[in-house]
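So the structure is just underneath, and the comments pick up after that.
The values are calculated or read from the model by the stated rules, or taken from the named source; none is laboratory data. Every value quoted in this text rests on a predicted model; they were computed, and no experiment measured them. Note: ideal-geometry Cβ built from the backbone for every residue, glycine included; neighbour counts use all protein chains shown. What goes into the accessible areas is simple: the full protein's heavy atoms, side chains included, and nothing from ligands, DNA or RNA. Shrake-Rupley method; radii C 1.70, N 1.55, O 1.52, S 1.80 Å.
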Amino acid sequence: MTRAREVAQRKLARVLRGRKEPHGKDLTDESILRGVDVDDSGIVQLWIQPTHPHCPCCIDDLISLRSLISGQSGVLACHIAVSYTHLTLPTKA
């Protein structure tokens, strides 16, 4: 594991710890945060299934979350994939 990855993982954990989505549920709930990946260069990828996917405040909150994560020192970039139905994550070889 690279130092960049370790730093990005710590920063991401701090941002997500205790964060709630706009309707009061913990963002780290497995029904919402469907997957997380931090690569060796510090790029963060999140797979999220909002509780109310067509609610403007949920989408606005994800835009704010992306900006907050991207603005952390040690995070090179952040990509959030939003799912409206069941999500299948790619497997690593």
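What share of the DSSP beta bridges in the chain is antiparallel, in percent to the nearest 5?
Details: 6 of 12 bridges.
Close to 50 percent.
Across the chain, Cα pairs under 8 Å and at least six residues apart give a relative contact order of 31 percent. Gyration tensor over the Cα atoms of segment 25-64: the corresponding equivalent ellipsoid has semi-axes (square roots of 5 times the eigenvalues, largest first) of 21, 12, 7 Å. The heavy atoms of His52 present about 80 square angstrom of accessible area, all protein chains included, probe 1.4 Å. The HN-Hα couplings worked out from phi for segment 26-37 by the Karplus form 6.51 cos²θ - 1.76 cosθ + 1.60 (θ = phi - 60°) are 4, 5, 7, 4, 4, 7, 9, 7, 8, x, 9, 9 Hz, whole numbers, x standing for Gly and Pro. Of the trypsin sites (Lys or Arg not before Pro) found in segment 1-72, those that fall in a DSSP loop while having at most 15 other beta-carbon atoms within 10 Å are Arg17, Arg19, Lys25. Could you work out how far helix 3-16 tilts from the main Cα principal axis of the chain, as a 0 to 90 degree angle to the nearest 10? Between the helix axis and the principal axis of the chain, the angle is about 20 degrees.
Here the accessible area is traced with a 1.4 Å probe on the protein chains. For segment 1-40, carbon and sulfur cover 44 percent of it. Relative to the 2.2 N^0.38 Å rule of thumb, the chain has a C-alpha radius of gyration ratio of 1.06.
Spin-label pair Cys57-Ala81: with each label point 7 Å from Cα along the Cα-Cβ axis, the two points sit 2.9 nm from one another.
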